[in-house]
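First comes the structure, then the notes that go with it.
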Amino acid sequence: ARIPRLRKLKRVVLGSTVIGVSYLGWLMYRNRNPVDQQPFDPNKKTLVLLGTGWGSTTVLKNLDTENFNVVVVSPRNYFLFTPLLPSCTVGTIENRSIMEPVRQLMRHKKREVIFYEAECTGIDAETKELTLERRTNSDDLQTTNKRPPTAPEDVVKLNYDYLVVGVGGTVNTFGTPGVEQHACFLKEMRDARKIRRRLMDSIESASFDDISEEERDRLLHMVVVGGGPTGIEYAGELHDFLTDDLSQWYPDLAQRVRITLVEALPNVLPAFDKKLIDYTQSTFSENKISIMTGTMVKEVQDKSFTVQNPDGTRTEIPYGLLVWATGIKAQPVVNRIREQFSQVQTNGRGLLVDEYLRVKGAKDIWALGDCALSGYAPLAQVASQQGKWLARSLNAAAKKSDDAPDADIFSLIEKTSRPFKYSSQGSLAYIGSDKAIADLPLFNRNITSGGIATFWFWKSAYLNELFSLRNSSLVAADWVKRFFFGRDISRE
Ligand code: FAD
Ligand code: NAI
(Lines give C-alpha, C1' and ligand atoms only; values in the text may rest on other atoms or scores of the structure.)
(Ligands and ions follow the chains in the order given, each with its own letter.)
Protein backbone atom coordinates (compact mmCIF):
# COMPACT_ATOMS: atom_id res chain seq x y z
CA ALA A 1 0.00 0.00 0.00
CA ARG A 2 3.00 2.24 0.56
CA ILE A 3 4.16 2.25 -3.08
CA PRO A 4 0.87 3.53 -4.59
CA ARG A 5 0.69 6.20 -1.85
CA LEU A 6 4.26 7.29 -2.69
CA ARG A 7 3.39 7.37 -6.37
CA LYS A 8 0.32 9.47 -5.60
CA LEU A 9 2.45 11.89 -3.57
CA LYS A 10 4.97 12.11 -6.41
CA ARG A 11 2.19 12.87 -8.88
CA VAL A 12 0.78 15.61 -6.61
CA VAL A 13 4.23 17.19 -6.18
CA LEU A 14 4.96 16.99 -9.91
CA GLY A 15 1.50 18.36 -10.77
CA SER A 16 1.82 21.33 -8.39
CA THR A 17 5.33 22.10 -9.68
CA VAL A 18 4.10 22.14 -13.28
CA ILE A 19 1.16 24.39 -12.33
CA GLY A 20 3.45 26.70 -10.27
CA VAL A 21 6.07 27.02 -13.02
CA SER A 22 3.41 27.59 -15.71
CA TYR A 23 1.74 30.28 -13.58
CA LEU A 24 5.12 32.01 -13.02
CA GLY A 25 5.84 31.77 -16.77
CA TRP A 26 2.44 33.26 -17.57
CA LEU A 27 3.01 36.10 -15.08
CA MET A 28 6.39 36.87 -16.66
CA TYR A 29 4.92 36.76 -20.16
CA ARG A 30 2.07 39.10 -19.13
CA ASN A 31 4.57 41.38 -17.44
CA ARG A 32 6.52 41.85 -20.64
CA ASN A 33 3.52 41.74 -23.00
CA PRO A 34 0.73 43.86 -21.50
CA VAL A 35 -2.69 43.90 -23.14
CA ASP A 36 -3.74 46.90 -25.27
CA GLN A 37 -4.91 49.90 -23.29
CA GLN A 38 -7.95 52.11 -23.81
CA PRO A 39 -7.04 55.63 -25.00
CA PHE A 40 -7.81 58.84 -23.07
CA ASP A 41 -11.55 59.50 -22.97
CA PRO A 42 -12.52 63.16 -23.48
CA ASN A 43 -15.69 62.53 -21.46
CA LYS A 44 -13.76 61.52 -18.34
CA LYS A 45 -12.29 63.87 -15.77
CA THR A 46 -8.50 64.33 -15.55
CA LEU A 47 -6.92 63.14 -12.31
CA VAL A 48 -3.37 64.38 -11.74
CA LEU A 49 -1.16 62.46 -9.31
CA LEU A 50 1.84 64.37 -7.97
CA GLY A 51 4.74 62.12 -6.96
CA THR A 52 5.86 58.53 -7.50
CA GLY A 53 6.51 57.65 -3.86
CA TRP A 54 4.68 55.37 -1.46
CA GLY A 55 1.43 57.36 -1.46
CA SER A 56 0.89 58.26 -5.12
CA THR A 57 2.22 54.98 -6.53
CA THR A 58 -0.16 53.03 -4.31
CA VAL A 59 -3.03 55.18 -5.57
CA LEU A 60 -2.00 54.44 -9.16
CA LYS A 61 -1.64 50.72 -8.47
CA ASN A 62 -5.14 50.44 -7.01
CA LEU A 63 -6.99 53.01 -9.11
CA ASP A 64 -9.44 51.85 -11.74
CA THR A 65 -8.19 53.97 -14.65
CA GLU A 66 -11.39 53.32 -16.56
CA ASN A 67 -12.94 56.01 -14.39
CA PHE A 68 -10.45 58.82 -15.07
CA ASN A 69 -7.82 60.13 -17.47
CA VAL A 70 -4.75 59.84 -15.25
CA VAL A 71 -1.60 61.98 -15.49
CA VAL A 72 1.38 61.33 -13.19
CA VAL A 73 3.89 64.12 -12.53
CA SER A 74 7.14 63.49 -10.64
CA PRO A 75 10.79 64.50 -10.94
CA ARG A 76 11.75 60.82 -10.71
CA ASN A 77 10.37 58.19 -13.08
CA TYR A 78 10.52 55.34 -10.58
CA PHE A 79 9.23 54.17 -7.24
CA LEU A 80 11.87 53.81 -4.52
CA PHE A 81 11.60 51.25 -1.71
CA THR A 82 13.05 53.58 0.97
CA PRO A 83 13.33 51.04 3.84
CA LEU A 84 16.25 49.38 2.07
CA LEU A 85 17.96 52.62 0.96
CA PRO A 86 20.55 52.54 3.79
CA SER A 87 21.68 49.12 2.45
CA CYS A 88 22.52 50.76 -0.91
CA THR A 89 25.02 53.19 0.64
CA VAL A 90 27.52 50.39 1.23
CA GLY A 91 26.52 47.99 -1.53
CA THR A 92 24.68 45.37 0.57
CA ILE A 93 21.97 45.85 -2.03
CA GLU A 94 22.41 47.20 -5.55
CA ASN A 95 20.58 50.44 -6.31
CA ARG A 96 18.31 49.18 -9.06
CA SER A 97 17.07 46.28 -6.95
CA ILE A 98 14.85 48.67 -4.96
CA MET A 99 13.75 50.89 -7.86
CA GLU A 100 10.71 50.12 -10.02
CA PRO A 101 9.99 52.19 -13.14
CA VAL A 102 6.58 53.82 -12.84
CA ARG A 103 5.97 53.16 -16.54
CA GLN A 104 6.01 49.44 -15.76
CA LEU A 105 2.96 50.00 -13.56
CA MET A 106 1.37 52.44 -16.02
CA ARG A 107 1.45 50.10 -18.98
CA HIS A 108 -0.57 47.50 -17.11
CA LYS A 109 -3.47 49.83 -16.36
CA LYS A 110 -6.73 49.45 -18.29
CA ARG A 111 -6.58 52.98 -19.69
CA GLU A 112 -3.46 54.71 -20.94
CA VAL A 113 -1.71 56.82 -18.25
CA ILE A 114 0.53 59.80 -19.04
CA PHE A 115 3.78 60.48 -17.16
CA TYR A 116 5.72 63.76 -17.07
CA GLU A 117 9.19 63.81 -15.49
CA ALA A 118 8.73 67.21 -13.92
CA GLU A 119 8.40 68.95 -10.60
CA CYS A 120 5.21 70.78 -9.77
CA THR A 121 6.24 74.22 -8.54
CA GLY A 122 3.00 76.17 -8.57
CA ILE A 123 -0.75 75.86 -8.53
CA ASP A 124 -3.70 78.05 -9.32
CA ALA A 125 -6.54 76.38 -7.49
CA GLU A 126 -9.05 78.85 -8.99
CA THR A 127 -8.35 77.91 -12.64
CA LYS A 128 -7.16 74.38 -11.70
CA GLU A 129 -3.82 74.92 -13.39
CA LEU A 130 -0.46 73.52 -12.29
CA THR A 131 2.96 74.92 -13.13
CA LEU A 132 5.50 72.21 -13.90
CA GLU A 133 9.25 72.46 -14.35
CA ARG A 134 10.88 69.82 -16.51
CA ARG A 135 13.37 67.68 -14.61
CA THR A 136 14.77 65.65 -17.48
CA ASN A 137 18.30 66.87 -16.78
CA SER A 138 19.95 64.11 -14.80
CA ASP A 139 22.99 66.23 -13.88
CA ASP A 140 21.13 67.19 -10.74
CA LEU A 141 22.71 64.69 -8.39
CA GLN A 142 22.14 66.39 -5.07
CA THR A 143 19.09 66.38 -2.80
CA THR A 144 19.01 70.01 -1.87
CA ASN A 145 16.57 72.75 -1.06
CA LYS A 146 18.52 75.24 -3.17
CA ARG A 147 18.23 74.92 -6.95
CA PRO A 148 19.34 77.15 -9.81
CA PRO A 149 16.42 78.86 -11.63
CA THR A 150 14.74 76.78 -14.36
CA ALA A 151 15.00 78.01 -17.98
CA PRO A 152 11.67 79.53 -19.21
CA GLU A 153 11.31 76.87 -21.96
CA ASP A 154 11.32 74.18 -19.26
CA VAL A 155 8.23 75.61 -17.54
CA VAL A 156 4.94 74.04 -18.66
CA LYS A 157 1.30 74.28 -17.61
CA LEU A 158 -1.10 71.41 -16.90
CA ASN A 159 -4.81 71.47 -16.08
CA TYR A 160 -6.52 69.10 -13.69
CA ASP A 161 -10.05 68.27 -12.61
CA TYR A 162 -8.90 66.33 -9.54
CA LEU A 163 -5.49 66.54 -7.90
CA VAL A 164 -3.78 64.09 -5.54
CA VAL A 165 -0.72 65.55 -3.79
CA GLY A 166 1.80 62.91 -2.68
CA VAL A 167 5.07 64.84 -2.90
CA GLY A 168 6.57 63.62 0.39
CA GLY A 169 8.92 65.83 2.36
CA THR A 170 12.35 67.29 1.83
CA VAL A 171 15.44 67.16 4.03
CA ASN A 172 15.35 69.40 7.07
CA THR A 173 18.61 71.15 7.87
CA PHE A 174 17.01 73.47 10.46
CA GLY A 175 19.00 76.22 8.73
CA THR A 176 22.25 74.81 10.17
CA PRO A 177 25.09 76.60 8.35
CA GLY A 178 27.21 74.49 5.98
CA VAL A 179 24.93 71.43 5.84
CA GLU A 180 23.73 71.97 2.25
CA GLN A 181 27.31 72.49 1.04
CA HIS A 182 29.25 69.81 2.92
CA ALA A 183 26.96 67.05 4.25
CA CYS A 184 25.42 64.06 2.47
CA PHE A 185 21.69 63.37 2.92
CA LEU A 186 19.95 59.99 2.86
CA LYS A 187 16.57 60.54 1.25
CA GLU A 188 16.85 59.65 -2.44
CA MET A 189 18.87 57.12 -4.47
CA ARG A 190 21.24 59.86 -5.65
CA ASP A 191 22.10 60.47 -1.96
CA ALA A 192 23.02 56.80 -1.46
CA ARG A 193 25.23 56.97 -4.56
CA LYS A 194 26.93 60.11 -3.27
CA ILE A 195 27.56 58.58 0.18
CA ARG A 196 29.10 55.48 -1.39
CA ARG A 197 31.42 57.59 -3.54
CA ARG A 198 32.43 59.92 -0.71
CA LEU A 199 33.05 56.96 1.62
CA MET A 200 35.37 55.22 -0.82
CA ASP A 201 37.08 58.54 -1.65
CA SER A 202 37.83 59.08 2.05
CA ILE A 203 39.24 55.60 2.43
CA GLU A 204 41.35 55.75 -0.74
CA SER A 205 42.63 59.22 0.24
CA ALA A 206 43.59 57.86 3.65
CA SER A 207 45.71 55.13 2.05
CA PHE A 208 48.29 57.59 0.64
CA ASP A 209 51.59 57.52 2.55
CA ASP A 210 52.35 61.21 2.23
CA ILE A 211 49.55 62.50 4.50
CA SER A 212 49.87 63.26 8.21
CA GLU A 213 48.47 60.82 10.79
CA GLU A 214 46.10 63.55 11.93
CA GLU A 215 44.73 63.93 8.39
CA ARG A 216 44.40 60.13 8.08
CA ASP A 217 42.33 60.04 11.27
CA ARG A 218 40.14 62.88 9.99
CA LEU A 219 39.48 61.08 6.69
CA LEU A 220 38.57 57.89 8.55
CA HIS A 221 36.09 59.56 10.90
CA MET A 222 32.56 58.79 9.66
CA VAL A 223 29.83 60.87 11.28
CA VAL A 224 26.06 60.41 11.31
CA VAL A 225 23.93 63.32 12.51
CA GLY A 226 20.47 62.31 13.79
CA GLY A 227 19.62 59.28 15.91
CA GLY A 228 16.24 58.59 14.27
CA PRO A 229 15.72 55.32 12.37
CA THR A 230 17.51 56.63 9.23
CA GLY A 231 20.70 57.53 11.12
CA ILE A 232 20.66 54.30 13.13
CA GLU A 233 20.15 52.07 10.08
CA TYR A 234 22.90 53.85 8.15
CA ALA A 235 25.36 53.58 11.06
CA GLY A 236 24.53 49.84 11.31
CA GLU A 237 25.16 49.27 7.59
CA LEU A 238 28.41 51.24 7.73
CA HIS A 239 29.60 49.12 10.65
CA ASP A 240 28.85 45.91 8.69
CA PHE A 241 30.78 47.18 5.67
CA LEU A 242 33.71 47.99 7.91
CA THR A 243 33.85 44.66 9.72
CA ASP A 244 32.84 42.35 6.84
CA ASP A 245 34.66 43.94 3.92
CA LEU A 246 36.92 46.94 4.58
CA SER A 247 38.78 44.97 7.23
CA GLN A 248 39.76 42.48 4.51
CA TRP A 249 40.67 45.00 1.83
CA TYR A 250 42.34 47.64 4.02
CA PRO A 251 43.39 45.78 7.22
CA ASP A 252 45.44 48.66 8.64
CA LEU A 253 43.07 51.47 7.78
CA ALA A 254 39.93 49.61 8.85
CA GLN A 255 41.21 49.45 12.44
CA ARG A 256 41.42 53.22 12.50
CA VAL A 257 37.93 53.93 11.08
CA ARG A 258 35.68 55.53 13.72
CA ILE A 259 31.90 55.85 13.49
CA THR A 260 30.17 58.55 15.56
CA LEU A 261 26.45 59.19 15.81
CA VAL A 262 25.36 62.60 17.12
CA GLU A 263 21.86 63.05 18.53
CA ALA A 264 20.42 66.25 20.02
CA LEU A 265 17.95 64.47 22.34
CA PRO A 266 18.95 62.48 25.46
CA ASN A 267 18.56 59.17 23.60
CA VAL A 268 18.34 57.73 20.09
CA LEU A 269 15.16 56.36 18.46
CA PRO A 270 12.72 58.46 20.51
CA ALA A 271 9.70 56.79 18.85
CA PHE A 272 10.73 53.27 19.92
CA ASP A 273 10.16 51.37 23.17
CA LYS A 274 12.69 52.02 26.00
CA LYS A 275 13.91 48.38 25.93
CA LEU A 276 14.72 48.65 22.22
CA ILE A 277 16.52 51.96 22.74
CA ASP A 278 18.71 50.32 25.41
CA TYR A 279 19.29 47.28 23.19
CA THR A 280 20.34 49.49 20.27
CA GLN A 281 22.65 51.58 22.42
CA SER A 282 24.35 48.49 23.88
CA THR A 283 24.71 46.89 20.41
CA PHE A 284 26.29 50.11 19.13
CA SER A 285 28.63 50.15 22.09
CA GLU A 286 29.68 46.51 21.35
CA ASN A 287 30.19 47.50 17.72
CA LYS A 288 32.37 50.46 18.78
CA ILE A 289 29.99 53.06 17.33
CA SER A 290 30.20 56.12 19.59
CA ILE A 291 26.90 57.78 20.40
CA MET A 292 26.97 61.43 21.46
CA THR A 293 23.51 62.14 22.90
CA GLY A 294 22.26 65.51 24.12
CA THR A 295 24.66 67.00 21.56
CA MET A 296 23.47 69.31 18.79
CA VAL A 297 25.36 69.98 15.58
CA LYS A 298 25.51 73.74 15.14
CA GLU A 299 27.64 74.14 12.03
CA VAL A 300 29.26 71.98 9.37
CA GLN A 301 32.49 73.12 7.76
CA ASP A 302 34.46 71.56 4.93
CA LYS A 303 36.51 69.20 7.11
CA SER A 304 35.06 69.62 10.59
CA PHE A 305 31.76 70.27 12.36
CA THR A 306 30.88 72.14 15.53
CA VAL A 307 28.67 70.67 18.25
CA GLN A 308 27.04 72.12 21.30
CA ASN A 309 27.74 69.71 24.18
CA PRO A 310 25.19 68.92 26.94
CA ASP A 311 26.97 71.42 29.23
CA GLY A 312 26.58 74.20 26.66
CA THR A 313 30.23 74.33 25.56
CA ARG A 314 31.16 73.96 21.89
CA THR A 315 33.64 71.53 20.30
CA GLU A 316 34.97 71.34 16.75
CA ILE A 317 35.38 67.78 15.50
CA PRO A 318 37.19 66.74 12.27
CA TYR A 319 35.38 64.34 9.89
CA GLY A 320 35.90 62.59 6.55
CA LEU A 321 32.24 61.83 5.74
CA LEU A 322 29.17 63.39 7.37
CA VAL A 323 25.67 62.04 6.77
CA TRP A 324 22.83 64.35 7.81
CA ALA A 325 19.65 62.45 8.81
CA THR A 326 17.61 64.80 10.98
CA GLY A 327 14.15 64.29 9.50
CA ILE A 328 12.00 66.09 6.96
CA LYS A 329 10.09 69.32 6.33
CA ALA A 330 7.48 70.46 3.78
CA GLN A 331 8.34 70.56 0.06
CA PRO A 332 8.25 74.05 -1.53
CA VAL A 333 5.16 73.15 -3.61
CA VAL A 334 3.28 72.28 -0.42
CA ASN A 335 3.88 75.83 0.75
CA ARG A 336 2.60 77.14 -2.62
CA ILE A 337 -0.61 75.14 -2.11
CA ARG A 338 -0.92 76.31 1.50
CA GLU A 339 -0.65 79.95 0.37
CA GLN A 340 -3.78 79.47 -1.74
CA PHE A 341 -5.78 78.51 1.34
CA SER A 342 -3.93 80.52 3.96
CA GLN A 343 -7.05 81.04 6.08
CA VAL A 344 -7.18 77.35 7.03
CA GLN A 345 -3.74 76.00 6.06
CA THR A 346 -1.92 77.43 9.05
CA ASN A 347 0.58 74.65 9.82
CA GLY A 348 3.97 75.07 8.10
CA ARG A 349 4.80 71.34 8.38
CA GLY A 350 2.40 70.27 5.64
CA LEU A 351 -1.13 70.20 4.27
CA LEU A 352 -3.91 69.88 6.82
CA VAL A 353 -6.37 67.23 5.59
CA ASP A 354 -9.70 65.96 6.91
CA GLU A 355 -10.52 62.31 7.62
CA TYR A 356 -11.21 61.78 3.89
CA LEU A 357 -7.70 63.12 3.05
CA ARG A 358 -9.26 66.22 1.47
CA VAL A 359 -7.04 69.29 1.73
CA LYS A 360 -8.78 71.65 4.12
CA GLY A 361 -10.11 74.78 2.46
CA ALA A 362 -9.55 73.35 -1.05
CA LYS A 363 -11.86 71.84 -3.65
CA ASP A 364 -10.98 68.68 -5.59
CA ILE A 365 -7.55 68.29 -3.96
CA TRP A 366 -6.48 65.36 -1.78
CA ALA A 367 -3.13 64.95 -0.02
CA LEU A 368 -1.49 61.87 1.45
CA GLY A 369 1.79 60.56 2.87
CA ASP A 370 4.53 62.72 4.37
CA CYS A 371 3.16 65.97 2.93
CA ALA A 372 -0.26 65.54 4.59
CA LEU A 373 -0.93 66.37 8.22
CA SER A 374 -3.42 63.62 8.98
CA GLY A 375 -2.43 62.95 12.58
CA TYR A 376 -0.15 60.02 11.71
CA ALA A 377 3.66 59.73 11.63
CA PRO A 378 5.51 60.23 8.32
CA LEU A 379 5.86 56.54 7.49
CA ALA A 380 5.77 54.44 4.34
CA GLN A 381 3.07 52.24 5.87
CA VAL A 382 0.85 55.28 6.49
CA ALA A 383 1.38 56.62 2.95
CA SER A 384 0.67 53.26 1.36
CA GLN A 385 -2.47 52.58 3.44
CA GLN A 386 -3.70 56.07 2.56
CA GLY A 387 -2.95 55.40 -1.12
CA LYS A 388 -4.97 52.18 -1.04
CA TRP A 389 -7.83 53.87 0.79
CA LEU A 390 -7.91 56.84 -1.59
CA ALA A 391 -7.85 54.69 -4.74
CA ARG A 392 -10.69 52.51 -3.46
CA SER A 393 -12.67 55.56 -2.40
CA LEU A 394 -12.17 57.23 -5.78
CA ASN A 395 -13.20 54.01 -7.54
CA ALA A 396 -16.34 53.74 -5.43
CA ALA A 397 -17.29 57.41 -5.85
CA ALA A 398 -16.64 57.29 -9.61
CA LYS A 399 -18.84 54.20 -9.96
CA LYS A 400 -21.62 55.91 -8.05
CA SER A 401 -21.26 59.00 -10.23
CA ASP A 402 -21.78 56.90 -13.39
CA ASP A 403 -25.52 57.39 -12.87
CA ALA A 404 -25.00 61.15 -12.48
CA PRO A 405 -22.09 62.25 -14.70
CA ASP A 406 -21.96 65.73 -13.14
CA ALA A 407 -21.77 64.35 -9.61
CA ASP A 408 -19.16 65.94 -7.41
CA ILE A 409 -16.72 63.15 -6.45
CA PHE A 410 -15.01 65.36 -3.87
CA SER A 411 -18.23 65.49 -1.81
CA LEU A 412 -19.53 62.08 -2.90
CA ILE A 413 -16.56 60.31 -1.28
CA GLU A 414 -18.04 61.09 2.11
CA LYS A 415 -21.16 59.09 1.20
CA THR A 416 -19.45 56.17 -0.51
CA SER A 417 -16.51 55.55 1.88
CA ARG A 418 -15.75 55.36 5.56
CA PRO A 419 -13.15 57.84 6.87
CA PHE A 420 -9.51 56.75 6.58
CA LYS A 421 -8.13 54.97 9.62
CA TYR A 422 -4.51 53.85 9.94
CA SER A 423 -3.75 50.38 11.24
CA SER A 424 -0.16 50.15 12.48
CA GLN A 425 1.79 47.05 11.46
CA GLY A 426 4.57 47.95 13.92
CA SER A 427 8.08 49.34 13.51
CA LEU A 428 11.19 47.54 12.36
CA ALA A 429 14.76 48.80 12.09
CA TYR A 430 18.11 47.24 11.23
CA ILE A 431 20.87 48.09 13.72
CA GLY A 432 23.90 46.28 12.27
CA SER A 433 25.78 42.99 12.83
CA ASP A 434 22.78 40.94 11.65
CA LYS A 435 20.49 42.35 14.35
CA ALA A 436 17.21 44.19 14.02
CA ILE A 437 14.66 45.62 16.44
CA ALA A 438 10.89 45.28 16.19
CA ASP A 439 8.01 46.95 17.98
CA LEU A 440 4.91 45.01 16.92
CA PRO A 441 1.27 45.40 17.94
CA LEU A 442 -0.05 41.91 18.74
CA PHE A 443 -3.32 41.00 20.49
CA ASN A 444 -3.83 44.59 21.73
CA ARG A 445 -0.32 44.64 23.21
CA ASN A 446 3.03 45.87 21.96
CA ILE A 447 5.59 43.10 21.59
CA THR A 448 9.21 44.22 21.43
CA SER A 449 12.06 42.08 20.21
CA GLY A 450 15.65 42.54 19.13
CA GLY A 451 18.41 40.31 17.81
CA ILE A 452 19.26 37.89 15.06
CA ALA A 453 15.80 36.21 14.88
CA THR A 454 14.26 39.67 14.49
CA PHE A 455 16.75 40.33 11.69
CA TRP A 456 15.44 37.31 9.77
CA PHE A 457 11.89 38.53 10.39
CA TRP A 458 12.99 41.99 9.11
CA LYS A 459 14.43 40.38 5.96
CA SER A 460 11.36 38.30 5.21
CA ALA A 461 8.99 41.21 5.93
CA TYR A 462 10.83 43.47 3.45
CA LEU A 463 11.13 40.75 0.80
CA ASN A 464 7.39 40.35 1.03
CA GLU A 465 6.68 44.09 0.88
CA LEU A 466 8.91 44.94 -2.08
CA PHE A 467 7.07 46.46 -4.99
CA SER A 468 7.34 43.65 -7.52
CA LEU A 469 8.46 40.06 -8.01
CA ARG A 470 11.42 41.50 -9.94
CA ASN A 471 12.47 43.65 -6.94
CA SER A 472 12.11 40.74 -4.50
CA SER A 473 14.19 38.45 -6.71
CA LEU A 474 16.92 41.09 -7.15
CA VAL A 475 17.12 41.86 -3.42
CA ALA A 476 17.23 38.15 -2.52
CA ALA A 477 19.99 37.65 -5.11
CA ASP A 478 21.93 40.64 -3.67
CA TRP A 479 21.79 39.12 -0.18
CA VAL A 480 23.05 35.76 -1.50
CA LYS A 481 25.75 37.51 -3.56
CA ARG A 482 26.96 39.45 -0.52
CA PHE A 483 27.09 36.24 1.53
CA PHE A 484 29.33 34.50 -1.01
CA PHE A 485 31.41 37.35 -2.47
CA GLY A 486 31.18 40.24 0.02
CA ARG A 487 30.33 43.81 -0.94
CA ASP A 488 31.82 45.56 -3.95
CA ILE A 489 34.26 48.31 -2.93
CA SER A 490 34.42 50.03 -6.36
CA ARG A 491 33.82 53.73 -5.93
CA GLU A 492 30.87 54.16 -8.33
P1 FAD B 1 7.84 59.81 -0.93
O2 FAD B 1 7.91 58.34 -0.92
O3 FAD B 1 8.99 60.60 -0.44
O4 FAD B 1 7.53 60.24 -2.43
C5 FAD B 1 7.40 61.57 -2.82
C6 FAD B 1 7.37 61.62 -4.33
O7 FAD B 1 7.03 62.94 -4.75
C8 FAD B 1 8.70 61.29 -4.98
O9 FAD B 1 8.46 60.53 -6.12
C10 FAD B 1 9.25 62.64 -5.34
O11 FAD B 1 10.14 62.58 -6.42
C12 FAD B 1 7.96 63.36 -5.74
N13 FAD B 1 8.01 64.81 -5.67
C14 FAD B 1 8.69 65.60 -4.81
N15 FAD B 1 8.44 66.89 -5.09
C16 FAD B 1 7.58 66.92 -6.11
C17 FAD B 1 6.94 67.97 -6.83
N18 FAD B 1 7.16 69.24 -6.54
N19 FAD B 1 6.12 67.64 -7.84
C20 FAD B 1 5.89 66.34 -8.15
N21 FAD B 1 6.44 65.32 -7.50
C22 FAD B 1 7.27 65.60 -6.49
N23 FAD B 1 8.96 54.32 6.61
C24 FAD B 1 8.51 53.16 7.11
O25 FAD B 1 7.30 53.04 7.39
N26 FAD B 1 9.34 52.10 7.31
C27 FAD B 1 10.65 52.16 7.02
O28 FAD B 1 11.40 51.20 7.22
C29 FAD B 1 11.17 53.38 6.47
N30 FAD B 1 12.47 53.48 6.14
C31 FAD B 1 12.94 54.64 5.62
C32 FAD B 1 14.30 54.74 5.28
C33 FAD B 1 14.81 55.91 4.75
C34 FAD B 1 16.26 56.00 4.40
C35 FAD B 1 13.94 57.02 4.53
C36 FAD B 1 14.48 58.30 3.95
C37 FAD B 1 12.61 56.94 4.87
C38 FAD B 1 12.09 55.75 5.42
N39 FAD B 1 10.74 55.63 5.77
C40 FAD B 1 10.26 54.45 6.28
C41 FAD B 1 9.82 56.75 5.59
C42 FAD B 1 9.10 56.60 4.23
O43 FAD B 1 10.04 56.48 3.19
C44 FAD B 1 8.22 57.81 3.97
O45 FAD B 1 7.31 57.97 5.01
C46 FAD B 1 7.48 57.60 2.65
O47 FAD B 1 8.39 57.60 1.59
C48 FAD B 1 6.43 58.68 2.43
O49 FAD B 1 5.78 58.42 1.23
P50 FAD B 1 5.27 59.63 0.31
O51 FAD B 1 4.58 59.02 -0.85
O52 FAD B 1 4.55 60.61 1.14
O53 FAD B 1 6.59 60.37 -0.15
P1 NAI C 1 13.65 61.55 12.65
O2 NAI C 1 12.89 62.82 12.65
O3 NAI C 1 12.98 60.31 13.05
O4 NAI C 1 14.96 61.70 13.55
C5 NAI C 1 15.86 62.78 13.39
C6 NAI C 1 16.70 62.92 14.66
O7 NAI C 1 17.68 63.93 14.42
C8 NAI C 1 15.88 63.36 15.87
O9 NAI C 1 16.02 62.41 16.89
C10 NAI C 1 16.46 64.73 16.21
O11 NAI C 1 16.51 64.94 17.60
C12 NAI C 1 17.85 64.66 15.63
N13 NAI C 1 18.42 65.98 15.30
C14 NAI C 1 17.80 67.02 14.69
N15 NAI C 1 18.65 68.06 14.54
C16 NAI C 1 19.84 67.68 15.06
C17 NAI C 1 21.11 68.33 15.19
N18 NAI C 1 21.32 69.56 14.74
N19 NAI C 1 22.11 67.64 15.80
C20 NAI C 1 21.91 66.37 16.25
N21 NAI C 1 20.73 65.71 16.14
C22 NAI C 1 19.70 66.35 15.54
O23 NAI C 1 14.25 61.44 11.16
P24 NAI C 1 14.60 60.20 10.24
O25 NAI C 1 15.37 59.19 10.97
O26 NAI C 1 15.19 60.78 9.02
O27 NAI C 1 13.18 59.58 9.88
C28 NAI C 1 12.20 60.32 9.14
C29 NAI C 1 10.88 59.55 9.15
O30 NAI C 1 11.04 58.31 8.45
C31 NAI C 1 10.42 59.19 10.56
O32 NAI C 1 9.04 59.26 10.63
C33 NAI C 1 10.86 57.76 10.72
O34 NAI C 1 10.04 57.04 11.61
C35 NAI C 1 10.74 57.23 9.29
N36 NAI C 1 11.70 56.14 9.12
C37 NAI C 1 11.35 54.91 9.59
C38 NAI C 1 12.23 53.87 9.50
C39 NAI C 1 11.84 52.54 10.07
O40 NAI C 1 10.74 52.39 10.53
N41 NAI C 1 12.72 51.57 10.03
C42 NAI C 1 13.56 54.02 8.89
C43 NAI C 1 13.84 55.37 8.47
C44 NAI C 1 12.92 56.38 8.58
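Whether any residue in region 86-94 is under 26 Å from Arg392 (Cβ atoms) and under 28 Å from the mean Cα position of the chain (by Cα) is what I want to check. No, region 86-94 contains no residue that is under 26 Å from Arg392 (Cβ atoms) and under 28 Å from the mean Cα position of the chain (by Cα).
Count of region 266-316 residues, restricted to those that are open to solvent by 30 Å² or more (accessible area, probe 1.4 Å) and among the hydrophobic types (A, V, I, L, M, F, W, C), is 4. Among the criteria (1) more than 16 Å from ligand 1 (Cβ to nearest atom); (2) buried (at least 20 other Cβ atoms within 10 Å of the Cβ), the one Arg218 does not fulfil is (2). If I filter region 284-301 for residues that are touching a residue at least 24 places away in the same chain (Cβ under 8 Å) and within 30 Å of Cys120 (Cβ to Cβ), do I get at least one hit? So far as region 284-301 goes, no, none of its residues is touching a residue at least 24 places away in the same chain (Cβ under 8 Å) and within 30 Å of Cys120 (Cβ to Cβ).
Tyr234 passes every criterion in (1) hydroxyl-bearing (Ser, Thr, Tyr); (2) open to solvent by 10 Å² or more (accessible area, probe 1.4 Å); (3) within 28 Å of Pro266 (Cβ to Cβ) apart from (2).
Residue by residue, here is whether (1) open to solvent by 20 Å² or more (accessible area, probe 1.4 Å); (2) away from ligand 1 (no atom under 13 Å from the Cβ); (3) assigned by TED's automatic domain parsing to the domain that holds Ile259 holds:
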position: Trp366; (1), (2), (3): no, no, no
position: Leu373; (1), (2), (3): yes, no, no
position: Ala377; (1), (2), (3): yes, no, no
position: Gly387; (1), (2), (3): no, no, no
position: Ala396; (1), (2), (3): yes, yes, no
position: Lys399; (1), (2), (3): yes, yes, no
position: Ala404; (1), (2), (3): yes, yes, no
position: Asp408; (1), (2), (3): yes, yes, no
position: Ser433; (1), (2), (3): yes, yes, yes
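In the set Leu186, Leu163, only one residue is within 30 Å of Lys128 (Cα to Cα), in contact with a Phe, Trp or Tyr (Cβ under 8 Å, 6 or more places away or on another chain) and not aromatic (Phe, Trp, Tyr); that residue is Leu163.
The values are calculated or read from the model by the stated rules, or taken from the named source; none is laboratory data. All values reported here derive from a predicted model rather than from experimental measurement. As a convention, Cβ positions derive from the backbone with ideal geometry for all residues, glycine included, and neighbour counts pool all protein chains shown. SASA here: full protein model, heavy atoms, side chains in, ligands and nucleic acids out. Shrake-Rupley method; radii C 1.70, N 1.55, O 1.52, S 1.80 Å.
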